[in-house]
Each structure stands twice: as structure tokens, then as C-alpha cells.
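Bear in mind these aren't lab numbers, they're just calculated from the coordinates by the rules spelled out. These figures come from a predicted structure and were not determined experimentally. A quick note on method: Cβ atoms are made from the backbone with ideal geometry, for glycine too, and the neighbour counts reach across all protein chains shown.
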Amino acid sequence: MIKNYFMVAWRNLAHNKTLSFINIFGLSAGITFALLIGLWIQYETSFDTFHTNGKQLAMVMKHVMFNDQKNTQSLTPLPLHDELKNNYPEVKRTSRAAPTGQGLMAGNNKLNKMGWYVDPAFLDMFSFPLIEGNTATALKDPNSIILTASLAHALFGSENPMGKTIRLNNANDVRVTAIAQDVPHNSTIDFEFLIPYQYAIDQEEWIRNNKTDWGNNFLMNFVELKEGTSMDALSKKIGPLNVQKDARIKNQVLFLHPLGKWHLYSDYKNWVNAGGKIAYIWLFGIIGAFILLVACINFMNLSTARSEKRAKEVGIRKVVGSSRTDLIGQFLSESVLTTFLAFLVSLILVQLLLPLLKDLGFEYIRFDFSSTFLLSAALGVCLITGLIAGSYPAFYLSSFQPVKVLKGVFKQGQGPAIFRKTLVVTQFTISAVLVIGTIIVFQQINHARKRSIGYNPNNMLNIPASYDLAVNYEALREELLKTGHIESMAKTSQPMTAIYNSWSDFSWEGKDPATDIALDAIMAGWDFEKTAGLQFKQGRAFSRDFPTDSNAIIINEAALQVIGYKDPIGKTMKSGNQVKTIVGVVENVVLADPFKSVAPLAILFNSSKTGSVNNILLRLPPTTDLKKALAAIKPIFDKYNPSQPFEYSFTDEEFGKKFVVENQVGKLASIFAGLTIFISCLGLFGLAMFMAERRVREIGIRKVLGASVVNLWLLLSKEFMWLVLIACVIASPLAFWLMKDWLDKYEYRVDISAWVFVAVGILAFVIALFTVSTQAIKAAFANPVKSLKSE
């Protein structure tokens, strides 16, 4: 019986080639992008699932209140590690952790790489398997290092790296004690080497000085709880720990953030978890379901539209003994076969599209044909799609009464026509919502891109500063300026696209001692304002003409508003116990999130030779030849920094990276919106074709009686155009509600303009009109003699 179903289904597909093509192509497009979205969701939800002890692992985080704003931070104080390890029996293991960039030199090979300072327990807590070496001893010696397999190969080639010596930042030697497997791409923690945290304590005096300071937060603390321990209960227990340990600390609450939430639930707003990437999981999951729904709607519409042509088939089958159940099985088999063919096409399309989508979050996503689970899930989607698409046509067509059909008195009622119109409206409503959403996403991105950022990121290079570069800075500067390719340069504690320091120990005249106020802090040398392109509102920059500028400070407008000075120039404020004189006020500088309001900022003069020198900024002339400039400055950096390769980044490109997620969302949304419109128009094309075919005799009579081509075009088009307009009317408030909710998560956001809804309505109307017109005009120009001869 089933074999017979599919044989008949195949014959129907072969007999109706145009209909079959529209159905297969529409369904394959829908299934393709549903599979792509499914693969992306599978990848994103797989983060950190490979850790054996994952359910017991957490990061200690901290709720803080500064400047009357509730924020959440991942950085915690150094003494927290020993406190948790020694005084909380619920804690099985703990590890301090801090990312670090290091220059690694082995023989003639030198590389700049990112790794982590961690404690020995880190290897027992997290599942990063070692290829060589022993987990228990690999990080026991402070001067040891663990390399990933790829980094070991880059430094030592085919040689065995175990026991070999690596020089870090041309200052200290460490010994390779283990080789780890490369970190999986679906890991929140990413590193190329691991160094004992004790090494950082031994080398950095400022870290040693913070062993008992609960107010300085500069590292992460990971914990593994004992089996059966409640994470929520321990969070409540450690909550007031910082405040209890230091009377100066106010409005801080510690808590545990489980490993399973690091990737998808990373955002906090007003001390409450506000989700994060999970929002995009839901968003694209819903979009994928809607795309499949739009494809299924096409199938339903086209199947019911041609029901009159299949009415006699149904009547004859019932007369010769077919039950309604048999007919439902027949029509569902046609739907499933069509969907299966579309599924095979979609598998090919997925393989072709994945490489093209690598810049949109699909770089590490593959369709693994050897995965039984993945294939079963994909086939399940195919089967469900086929059943959904064929359900209404199957039940509708199987309900025909054979007596009426065979007597020729069968006529469709209003029900199927209303149902088809509802489906068309649904299709274009979904399409219009996606298009409106896409436009608003790009408006929001452009709104943030075009805001004044308070400095000039163009033609500015950022170079990580090693110890050698910091020590030899003046000689380096002199030689670089002589090349003629550098306008100015400055040493700083950070690049212009990040925040490294935020201090709450600033004070000034009139400050309320009961308030907690934090200012972002940059330590910078001479010519910082010229190199960064700061815009001064009052006062001046640091100057060599003023010896007292060693204690000078420059603030931004947001800091001036917090401090409250009416005439700030020449007035003083304190950083800890150091008195600083305000010499300038600059326009607000966007250093971190371009979608948030600017934080108060203090720029302190850095007179130290090596302290707080993490970056060197270079300003190139606007007309410089970049290739020649890099060729001229590279040998000078190599001369003064022999242990590390010359590496740089462009500030404008780094600033552009702040829009990566929004750009990905916008581009994917535009693809999905375009696809939905295409599938909808494909169905509209098929529907218009069948409507014109059903009314061919009516058209012939109207032409004979004098109807013009325009009259006939309007006759066949107006019904569809009304449906599209209704869809746009429904889509507008729905899209407004959805996008307003999305925009509310941004502090700096665009206003939703009415023209967007009007423009999308016009666009949808024009596209639909063009689609329908291809068939309407063809029918209007047809020779009426041929159609009336068949009457």
C-alpha cells in the first residue's frame, strides 16, 4: 500500500512539473535555512559541555553599585582565593585566573600569544586533556609552562618540546612541563599556554602588595563545588564577604555564576541576569520555524488552489473503494515525498552555503554526515515539515463527496478561499516583520557608529608594549619620528578601544563620603592628546613646559558632571593619597561599548618608565603610504624589542569589532528576510498562475466583450494586493513592539521612525504586484478564441 502511495505520488510530481518545481524549490529553501539555523543553535548551545565536572564549576562574580548604577563584574580580589579554599568546606577546588599576553622566544622563533595565569587545581577542575605531562605536577613549579599542541609545533617544529626552555618577554625563562590538546572552539576559556599564577605573584610587586586587599579587583576566581552542594546556597553565604572583610567597601555582593551559563547568559542588568546570546538563540530559532512555516504555506496554498483538478480523481477513488483514510495517506505521501526531495536538495545547499557564511558565526560549524543524531534530527525536521505542509490539503481533498464531483456540480465553498487568503496574509506579515526588523537593526548599528566618540581612530596604530619597549621608549620615539612616517606617538596603559582600570578611590572637594563613585582611568605620557586626537572643551593637554604636570589630570565631560566643579581648571582632586590638579576637560570618549552611555574618565599623567605602559599609540599622517610606513618602523621596533615579533592593530578596525554581533544579526536577518519574501513571492506566483488558469474562460469572455489588458490585469491583481496591504497593516504594530523590546536593551539607541513601516509597505506591495503581474499580464494577452473553443 505504502509503495503504491509513493508510486502515485511520483507520477503526480512528474506530471505537474511547474507545481513540483515551485513546491520543491520553496521547501528546499525553507529547510536549508532551518537546518543552518539548527546547526548554529547546536554549536552555540554546545559551549563548555565537554567539561566532566561542568555542573559543579562556577565563576565568582560581583554585583557592585557605583555612580548610582548597578553593575556586575567578573573581576574579584586576590585574597578571595585563599578565603574560599581554606574556610568554605563546600568548595572542593579553587583556581585564580587571569588572561595574559606574552612574548615567547624559543631559539630563533618568537611569537606573541595569549594565555592564562592559573593555579595547579585548574587542570583538575576543567577538562583540557594533556597529551604529554602529568596533571598533578605540570603547574607545580612557578617557572613552568603548558603549551597547546599547535603552539608547541609553532615554537619547536617536530622536536619534542618537553623540558625545553622558553623566554617570556625577554625577561624570565620557563620550562615546558606539559603539552595540552588544542582548546575546542566551543570553549569559553581560550588559551594557547598556561602559566602558574604563582609566577605572576613572584614577578609583579603590585600583585604581591594586594594579597590582603579586598578592594582591588583584577583577576577571576573559579570554584568547583563538592557533589551535592547547592550553588544558590553558597552564593548567598559568600554574598557579603567583601563588605565583611573591608569596612571601606559598600554595595558589593558576591555570587556564583555557573559554567553552563557563561556563554549564553552572560549579561546582567541592575544585578539581574538579562540573558545574553540566548536571546539570539530564541530569535533565530523562531525565525527558522517561521521560514519553514512560510514554505509550508506555499504547499498548502498551491495544493488547495488546484483542488478542482483533483476532485474527479478523489471521486473515482472513493467510488472504487478508497476510504478517506486511504486518501489522506495518499496525499500525505505526496507531501512527504516532495519534502524529502526538497530535503536532498537542501543538504547540497547547506554544504555550498556554509563556507559563504563563515564570517557570520558559521566558521566552525559543519554538517557531520557521520553523526547519527544529526541526520536523525534533520530527517525528523523533513518528516514534520512534510506532514505539516500536507495536512490541510490531505484532509480537505479527502473530504470531497464523489456524487457531486462526478455529476460535475462540485464547487469550492468560501472556506478554502478564506483559508488561502489567511495563509497569504500570514506569509507576507512574517516577511514584512523581518524586513522592518532588519532595517531597524542596521539603523541602530549606524546610529552607534556615527556617534561622536571623542577621539580620532583613523590612521592610528596600537602596538602592545613589552618591557623592552617601555624601557627604551624615548630612544624608540626619537628614531620613529625621524622616519617622517609618524606624526606623534604616546605610551598608555591601554588601547583606545578598551577599559583596563576603573578606580573608586578618587575624591574631591564636596564629594559625599557615603557615595561610591568610580572613574575609568588611563595612565598616559606626553602627546597622548595629539596622538589620540582628543577634543578639549576646557583647559589644555599635558605639557613639557609645565614641570608640575607630573601630578596633572585630565577629565571628560561625564566626570566633570559627577564631580560638580563649575570652573574645574586648576582645581584639585585626589587619587588615593595623591593630589592631582585638573588641567583639562575633554569631550566624552567612547572606549568600551558604543551602545552604552560614556562613563566618567580620568586621564593621569604617567611619569614612570615602565609602570602602566601596556600600549604604544602611533599617529600616521593622513596621506602616508602605509606599506612604506610599516617597512620603515618595523626595523626600529625589532631593534628595541628583539624578543618579540612586530605586531600592531588599527584602532578604527578594533573599534569596528565592537559591532560584530550586531552586524552578524543584521546580515543574517537581511538574508532571512530576503529569503522569506522570495518564498512568499514564489508561492504567490504559483497561486496567481492557478487563479489565472481557473478563470481563463471568464477572461476570454471579458476580452470578447471589450475588456482591456489593464482591466484584466487589475481584475487578477487587486485581490492579491489587498492581502499584501492587510499583511503590512498587521506587521507594523507587531514589528514595532518586537523591535522596541529589542532596542530597550541598549542605553544608546535609535528612535523607530514611521517612514520604515511606510517604506516596507510600499516595497512589499511593489514586489507582490510584480510577481502577480507576470501571470496576470500573460493571461490578459492570451487569445480568447482558444479558451472559448474548449467551452
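Structural size metrics of the stretch 110-168, computed from C-alpha coordinates, are Rg and Dmax of 11.6, 31 Å. By the equivalent-ellipsoid construction on the alpha carbon gyration tensor, the stretch 473-549 comes out with semi-axes of 31, 15, 12 Å, ordered largest to smallest.
Oblate is the label for the stretch 587-650, because a/c, from the alpha-carbon gyration tensor with a ≥ b ≥ c as root eigenvalues, is 1.5 or above and a/b does not exceed b/c. Treating the stretch 551-626 as a set of equal point scatterers at the Cα positions, no solvent, please give the Debye-formula log₁₀ I(q)/I(0) at q = 0.24 Å⁻¹. Reported log10 I(q)/I(0), two decimals: -1.15. Were the residues from Lys237 through Val579 laid out at 0.36 nm apart, the gain over their Cα-Cα distance would be 119.2 nm. A Förster radius of 35 Å, combined with the Cβ-Cβ distance separating Ser607 from Ser46, puts the computed FRET efficiency at roughly 0.10. Based on the alpha-carbon gyration tensor of the stretch 38-102 and its eigenvalue square roots a ≥ b ≥ c, which shape applies: rounded if a/c is under 1.5, prolate if not and a/b is larger than b/c, or oblate? Because a/c hits 1.5 or more and a/b fails to exceed b/c, the stretch 38-102 counts as oblate. If R0 is 35 Å, the Cβ-Cβ spacing of Lys450 and Ile499 corresponds to a FRET efficiency of close to 0.95. The percentage of C-alpha pairs in the stretch 141-278 whose separation is greater than 21 Å is 62%. Rounded to whole Å, the principal axis extents of the Cα atoms in the stretch 526-660 read 48, 38, 28, largest first. Excluding same-chain neighbours fewer than eight residues apart, the aspartates and glutamates reachable from Lys627 by a Cα-Cα span under 19 Å are Glu479, Glu487, Asp638, Glu647, Asp652, Glu653.
For the stretch 61-149, the relative contact order is 16 percent, taking Cα pairs closer than 8 Å that sit 6 or more residues apart in sequence and dividing their mean separation by the residue count. In straight-distance terms, cross-link reach from Lys140 covers every one of the aspartates and glutamates whose alpha-carbon lies under 20 Å from its own, apart from those fewer than eight places away in the same chain; here that gives Asp82, Asp119, Asp124, Glu132, Asp173, Glu192, Asp202, Glu204, Glu224. Evaluated with a Cβ-only charge set (Lys, Arg +1; Asp, Glu -1), the stretch 466-580 carries a dipole of roughly 220 debye about its Cα centre, given to the nearest 20.
From the Cα gyration tensor of the stretch 447-583, with a ≥ b ≥ c the square roots of its eigenvalues, which class applies: rounded if a/c is under 1.5, or else prolate if a/b is larger than b/c, or else oblate? Verdict is prolate for the stretch 447-583.
Rg then Dmax, both in Å and based on the Cα atoms of the stretch 230-271: 12.1, 35.
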